Amino acid sequence: MAPRSDLDATAPAYDPAAEVVDLCRDLIRFDTSNYGDADGPGERKAAEHVATLLDEVGISTEVVEGYDGRTNLVARWGGDGTRDDALLVHGHLDVVPAAAEDWQVHPFSGEVQDGYVWGRGAVDMKDFDAMLLSSVRARARAGAVPSRPMVLCFTADEEAGGHKGAQVLVEQHRDLFEGCTEAVGEVGGFSTTVRGRRVYLIEAAEKGMAWMRLTARGRAGHGSMINDENAVTRLAAAVARVGAYEWPVRLTPTMEVCLAAVGELAGVQATPENAPALIEEFGSAARMLGAVIRNVANPTQLDAGYKVNVIPTEATAHMDGRFLPGYEDEFFATLAELLGEGVELDFVSHQQPWESPYEGDTVRAMHRSLLAEDPDALVAPYLMSAGTDAKHFRQLGVQSYGFAPLRLPADLDFTALFHGVDERVPVDALQFGARVLDRFLGDV
């Protein structure tokens, strides 16, 4: 059993990391690819596997399927009767697709190589599912049940917006979450290195999401003739304007705290003017963090026409928009101006941003659990550029945080692994995460 920490002389009688690597490998081997439509294997087999793992240690589960094969699993665990403020701990079972020919190892092999567990979902987010299961199973066997009641939730469809997963649970099975006041899930608690110092980033906010369909209509005609009502031209010009627009820097309360911590390391005071330079201090993580100090809108798809010499009546595009908490009105007003007249906008998915106060017992428990395992590190909040199931669970009135702890090598381009080729997680990071998460569950 790995030592807990020099700060903690009383290690528990169980090892919370004993199973974490094998559990992660087994979960990766379930192909739960989510293609964003009706295709794909679904999550049922993986959910049944998780149900078996929990049943083995005496934890009963409830299966919820709003759509065939799109399986969610919920369990209540813990609590000594002294508290009624349940903690929701949630992770998703689906993954984005992977093309095996692009990978060094098969993406659903769960292979261990060079000190890493490889496979689709290794960081998004079967690693967290494995950490949670490893800790819960070890605690249940040892009789070390947390005093705070817990709701353990494993969802479907997060990678397509959660509409067939967390949304179904929140809208149709709200009773399963009775008493929940706070929630933890992905993506946070991972380390990055700034000026030689490890900094663990806890997610305390998320940008809103607007997946949009743009439509321009015009006059059909022969491609050889003059046409001043060309739908393709109108749409292309609008998309180009949005794509080229430089959104202004906007600092939310979460990022003010985050950048203040980095500014202290860099010896400067954080301001909107030097925020982009401070973001660069995060190295490869700047790819993600650079998007959380401004709104973003990226054109992603174009579709028009059916023959080279026919000007079509209609042209469509899709766009991925992400807007900061407190800046939704500014985002859509700017977008309308950029699109101009003659381009209609409707939503494929429209979800609100959120921001939780970075204070209180739960935040302090996250700090303590990380620093007990890595006492020389810093811990700070950050704003997540993408979306998670927290957007749905926030509708329950809970405060949400991202806390899937990993101590990562300074030279690992971690953010590139999300949805990327050769996704992998260090074995020792998994074990570290299971120990930290276990501390947190016992402390919170």
From the residues in region 134-150 that are within 23 Å of Arg83 (Cβ to Cβ) and touching a helix residue (DSSP H, G or I) at 6+ places or on another chain (Cβ under 6 Å), which one is surrounded by the fewest Cβ atoms within 10 Å (Cβ to Cβ)? Pro146
Residues of region 266-313 satisfying the condition of being over 30 Å from Leu378 (Cβ atoms) and either of a type in the set (D, E, K, R) or not in a strand (DSSP E or B) (or both): Asp303, Gly305, Tyr306, Lys307, Val308, Asn309, Pro312, Thr313
From the options Glu206, Glu256, Glu246, Glu264, residue that is acidic (Asp, Glu), within 23 Å of the chain's Cα centre (by Cα) and surrounded by fewer than 20 Cβ atoms within 10 Å (Cβ to Cβ): Glu256
When region 222-232 is examined, which residues are found to be outside any loop (DSSP other than H, G, I, E, B) and surrounded by fewer than 16 Cβ atoms within 10 Å (Cβ to Cβ)? His222
Boolean, Gly66 is surrounded by 15 or more Cβ atoms within 10 Å (Cβ to Cβ), touching a residue at least 12 places away in the same chain (Cβ under 8 Å), more than 23 Å from the chain's Cα centre (by Cα) and more than 25 Å from Gly420 (Cα to Cα): no
If I filter region 89-109 for residues that are β-branched (Val, Ile, Thr), over 22 Å from Arg141 (Cα atoms), touching an Asp or Glu at 6+ places or on another chain (Cβ under 8 Å) and surrounded by fewer than 17 Cβ atoms within 10 Å (Cβ to Cβ), do I get at least one hit? yes
Just wondering, is there one or more residues in region 85-98 that are within 28 Å of Pro149 (Cβ to Cβ) and free of Cβ contacts under 8 Å to residues at least 24 places away in the same chain? no
State whether the residues of region 186-208 include one that is within 30 Å of Ala304 (Cβ to Cβ) and touching a Phe, Trp or Tyr at 6+ places or on another chain (Cβ under 8 Å). yes
Residue hits (region 402-428; in contact (Cβ under 8 Å) with a residue 40 or more places away in the chain and small (Gly, Ala, Ser)) are Gly402, Ala404, Ala410, Ala416
Residue ID - surrounded by the most Cβ atoms within 10 Å (Cβ to Cβ), chosen from residues in region 209-219 that are at pLDDT 95 or above and over 29 Å from the mean Cα position of the chain (by Cα): Ala216
Subset of region 168-199 (residues that are of a type in the set (Val, Ile, Thr), part of a helix (DSSP H, G or I) and either open to solvent by 60 Å² or more (accessible area, probe 1.4 Å) or touching a Leu at 6+ places or on another chain (Cβ under 9 Å) (or both)): Val170
Out of (1) touching a Lys or Arg at 6+ places or on another chain (Cβ under 8 Å); (2) open to solvent by less than 60 Å² (accessible area, probe 1.4 Å); (3) over 19 Å from Phe108 (Cβ atoms), the one Cys24 does not meet is (3)
Give me the strands (runs of 3 or more DSSP E) completely within region 32-115, filtered to those with at least 1 residues that are touching a His at 6+ places or on another chain (Cβ under 8 Å), ordered by residue number. 62-67, 70-77
For region 291-310, name all the residues that are open to solvent by 20 Å² or more (accessible area, probe 1.4 Å) and touching a helix residue (DSSP H, G or I) at 6+ places or on another chain (Cβ under 8 Å). Asn298, Pro299, Leu302, Ala304, Gly305
Just to be sure I understand, how many residues within region 233-243 are of a type outside the set (Val, Ile, Thr), closer than 30 Å to Leu383 by Cα, open to solvent by 10 Å² or more (accessible area, probe 1.4 Å) and in contact (Cβ under 8 Å) with a residue 40 or more places away in the chain? 2
Please list, ordered by residue number, the strands (runs of 3 or more DSSP E) wholly in region 315-427 having 1 or more residues that are more than 21 Å from Met131 (Cα to Cα) and open to solvent by 20 Å² or more (accessible area, probe 1.4 Å). 343-351, 378-384, 399-402
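The values are calculated or read from the model by the stated rules, or taken from the named source; none is laboratory data. Quantities reported herein were computed from a predicted structural model and do not represent experimental measurements. Glycine also receives a Cβ, built like all others from the backbone with ideal geometry; neighbour counts cover every protein chain displayed. When the accessible area is computed, the model is the full protein with side chains, heavy atoms only, and any ligands, DNA or RNA have been set aside. Shrake-Rupley method; radii C 1.70, N 1.55, O 1.52, S 1.80 Å.
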